[in-house]
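Below is one structure, written out as C-alpha cells; comments come after it.
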Amino acid sequence: MAAQLQRKNFTITWRILNYNFFLQDCSYWIHSPWFLVDTLDSNKWGLRLSPAEGLQNEFICLAISNEKVSMLTDDINFDYCFSISSDHSSLPPFVASSSHVFLDDLSRPCIYVPKDKVFEQKAGRFIPPDIMTIKSQIWKREGSLSEDGECTMITKAQVERVSFVGVVENFSDLTSFRKKALRIRSASVECPLFSMNINQTNGGVIFVEIIPWVFEKIEYCKCLLSFLDNSGNETECGYDEFLFLNTKQQSAWKIPLQFSKKNLMELRRKYLLNDCLSLQCEIAFSTGKYKGKILKTKYAVHLTKSIERPISGMQKNTEVFKEDNRLSLTMQNDLMSWLSKGMFCDTKLQTATETFFAHKLILSVRSPVFSDLFNNRMKEKVIDCVQIEDLDAETVRRFLLFMYSDCLKDLDLENAKKLYFAGEKYEVFPLKCKCSHFLEKNLCPSNCCDVLILADKYSDSDLKKAAQEYIAQHDKEVLESDQWKSLEETNINLAFETFRIMYKRNRRNSWNGTAFPLF
C-alpha cells in the first residue's frame, strides 16, 4: 500500500474551449497538443477526445496516444486515470482508470464516458458545454517515474461571429409561400456572408431562410433571431443550429419564428414602423479548425519551491511607491465615478435579474476574454449587451467593482468562490489570485473539501496544495465530516491523492508507530 501511494506520476490538464462548437460526430476526433514527459524516453504524447461514440452517440471517448521518436524506445506499460468534467455543470467529475502497454504499433487505449455523467440535459437532449476539462494522470506500472510533473494545455475551436439587421419592407403584404428578401444592414466593412428571406406557411407560421454565401467555410453554426421594436429593444423570436457535413452547397436554413403574422400585425405599433419589420440576426459558426498550446509545465523541484520576493528595492523606493499609489487611487476614484453614474458607457452586462452598464475599454484592458469579444473582426463594431447566464447579479456587481477599482470588499466563502470562477472564466487572474488567497487564509474543516474540489477543477496547484495540507493537519475532524464522505463518493481519485498527502505527512511525524486509519 505504501509503495503504491508513493508512486510518482505525471498529471495532464487539458481544457477544451468552445467545446460546443466542435462537431458532435462519431467520425471526429479532437487532438491535444503533443507534449513530452521529461522523465520518460523521448516519446511524444497526446490526448484525444471523440465527442460521440456508441449506437446512439451516448458516449464520449477519451484516449492517450503516443508517437515514438525512435524505434529503439522500449515498450512502456502504464497505469492511467482520466477525470472529465464540464464547466458550469452541477455534476461531479467522471473518473475512470485502466492500464495499457504502448507497443510499436502505437496502439491507443480508450475509455468510454457516458454523456449523462458529464452533460446537463434539456428536454431529453444533451447540452455540450462551452468548456470541457480533462485531467489525466499516468504512472509507470513497473518501476516509477523519476519525479512528479504536471502539464497544462488548451485547445480552442476557431469561432467566427457575425451580427446584422435584416429589414422586411411592406410586411403586411407577406403571403403564404411567397418569400420576401430582407435588406441587410451591417456596420461591417466585410462582404456579407449571408442573405435572408422571410416566408409564411398556410397556417400563418412565419419562418426565416438564411442562405450562407461561403458554405465551404462553415462546419457548425448557431443562429439567434430577435425582433427589434421601434425603440431598438430586442425580443428573441427564433433559434436553431445547423451542421454542414460536406462542402457542397446545401439548402437554406429555415428557422420558424415564435410570432405569427397575425401576432405581429396586432403589435404593429411596436414592431412595424412604416410597415417595416426589423430582425436582429446573431450568427456564430465554427470553421472546423482549432488551435492548441501548452500553457505551463512543472516538475517536482518547481512544484514545491517557494518564491521569495526581495524587499530591499522596495525599501529604497518608498516615496516613489507612495506617489504611485496616490495617483492610482485618484484614477480609481474617477473610474468608479464613471461606473456609478453610468457616464460614457458603451456596453451592458445582463444577468437573469439585472443589467449593468460598463465601458468596453475598461473590460478589454482587464480581461483578454472581453478584449477578444469586443475586437473580433467578424463581429459588429457595436456590441450592445453581453449575456451572462452563469453568474448572479450580486457576483457581477462585485466583479465590475474589482475591474474598475482592483478592490474586493466584504468577502465571504460563497462570493469568493463565485468571484474565483468569474476570474477564471474571463481570465482576470489578479481577481482569481485574490480570491484564491482569501480561500486559503479562511480554510476550516467545513469548507476545505469544497475549496479542494474548486482548486482541482481549475488546476490551481497552489490552492490545491494548501487545501490538502490543511486536511492533513486536521485529518481527524475532516475525515469524519459529511463533506469528506461526499468527496469520497464523487471524486475518489482526488480523495485518494489527498489521502496520500496525509499518509506521507503522518509517516514523517511518526505517530508513535500508530498505523494511519484507512478511509
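The values are calculated or read from the model by the stated rules, or taken from the named source; none is laboratory data. In this text the structure is predicted, and so the values were computed from the model without any measurement. Virtual Cβ from ideal backbone geometry, glycine too; neighbours counted across all protein chains shown.
Quick look at the numbers
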{"quantity": "Filter pass, PRO92 being within 22 Å of the chain's Cα centre (by Cα), at pLDDT 80 or above, surrounded by fewer than 20 Cβ atoms within 10 Å (Cβ to Cβ) and assigned to a loop (DSSP other than H, G, I, E, B)", "calculated": "no"}
{"quantity": "Flag for ILE138 being touching a Phe, Trp or Tyr at 6+ places or on another chain (Cβ under 6 Å) and not assigned by the TED database to the domain that holds TYR271", "calculated": "yes"}
{"quantity": "Of residues in the stretch 371-392 being crowded, with 16+ Cβ neighbours inside 10 Å and over 14 Å from ARG161 (Cβ atoms), the one modelled with the lowest pLDDT", "calculated": "SER371"}
{"quantity": "Every residue from the stretch 153-180 that is of a type in the set (D, E, K, R) and either over 30 Å from GLY203 (Cα atoms) or part of a helix (DSSP H, G or I) (or both)", "calculated": "LYS156, GLU160, ARG161, ASP173"}
{"quantity": "Residue list for the stretch 130-175, restricted to those being without any contact (Cβ under 8 Å) to a residue 40 or more places away in the chain and within 32 Å of the chain's Cα centre (by Cα)", "calculated": "none"}
{"quantity": "Residue list for the stretch 447-461, filter: modelled with pLDDT of 90 or more and outside any helix (DSSP H, G or I)", "calculated": "ASN447"}
{"quantity": "Complete set of residues in the stretch 427-457 that are in contact (Cβ under 8 Å) with a residue 60 or more places away in the chain and either of a type outside the set (Asp, Glu) or outside the structural domain of ILE388 (by the TED database) (or both)", "calculated": "VAL428, LYS457"}
{"quantity": "Enumeration of residues in the stretch 196-214 that are at pLDDT below 85 and surrounded by 16 or more Cβ atoms within 10 Å (Cβ to Cβ)", "calculated": "MET196, ILE210, PRO212"}
{"quantity": "Options GLU424, GLU480; residue that is at pLDDT 90 or above and acidic (Asp, Glu)", "calculated": "GLU424"}
{"quantity": "Test result for LYS418, touching a residue at least 12 places away in the same chain (Cβ under 8 Å), touching a Lys or Arg at 6+ places or on another chain (Cβ under 9 Å) and not in a loop (DSSP other than H, G, I, E, B)", "calculated": "yes"}
{"quantity": "Matching residues, the stretch 425-484, being crowded, with 22+ Cβ neighbours inside 10 Å and touching a strand residue (DSSP E or B) at 6+ places or on another chain (Cβ under 9 Å)", "calculated": "ASP456"}
{"quantity": "Test: residue in the stretch 462-473 that is farther than 26 Å from TRP14 by Cα, at pLDDT 90 or above and in contact with a Leu (Cβ under 8 Å, 6 or more places away or on another chain)", "calculated": "yes"}
